[in-house]
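Everything on this sheet refers to the single structure shown next.
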Amino acid sequence: MKPYIVEMTSEARVDLKSLDKSQISQVEKLIERVSLNPLPKSEGGYGNALGNIGGNNLTGCCSIKLRKLGIRVVYKIVREGGIMRVIVVAARADDEVYRLAAKRIQARGI
């Protein structure tokens, strides 16, 4: 399987840069590994499929987490283009991350 192209929103790039260097390295490695198969686990991939979470419609999005660091990455899969679009990279509580993702998706029309 050909890896998906990773696209990061400008906000996700800012999120990533706000982490320390060792965290950035670990997040980048995780994203690179997941890009080999970013589909939801139900389809044999690495992602945790999201839906309607706490009133935030994240259907079509997936999340991955670096448990030791408490950092969650929310991304959307664009199947026709083979794109993994990273929306949020954050070390925040789940509900905050999902609320932020929904806000960014709505603002960008993703």
Residues in the range 20-42 near a label at residue 6, defined as backbone nitrogen under 16 Å from the 7 Å Cα→Cβ point? 20-39
Relative contact order of the range 5-108, defined on C-alpha pairs under 8 angstrom at six or more residues apart (%): 26
Between the modelled labels at residue 69 and residue 41 (7 Å from Cα along Cα→Cβ) the distance in nm is 2.1
Helix-derived [θ] at 222 nm for the chain: sum -39500 (n - 2.57) over DSSP H runs of at least 4, divide by residue count, nearest 500? -10500 deg cm²/dmol
Not counting the cut sites, what is the longest span of the chain without trypsin sites (Lys or Arg not before Pro) that DSSP labels loop and that have at most 10 other Cβ atoms within 10 Å? 1-66
Could you compute how fast the chain diffuses translationally, taking Rh as the Kirkwood radius over C-alpha pairs and applying Stokes-Einstein at 25 °C with viscosity 0.890 mPa s? Give it in µm² per second. 178
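No lab work stands behind these numbers, since they all come straight from the coordinates. Treat the numbers as computed from the prediction; the structure is a model and nothing was measured. Cβ coordinates were reconstructed from backbone atoms using ideal geometry, including for glycine residues, and neighbour counts include every protein chain displayed.
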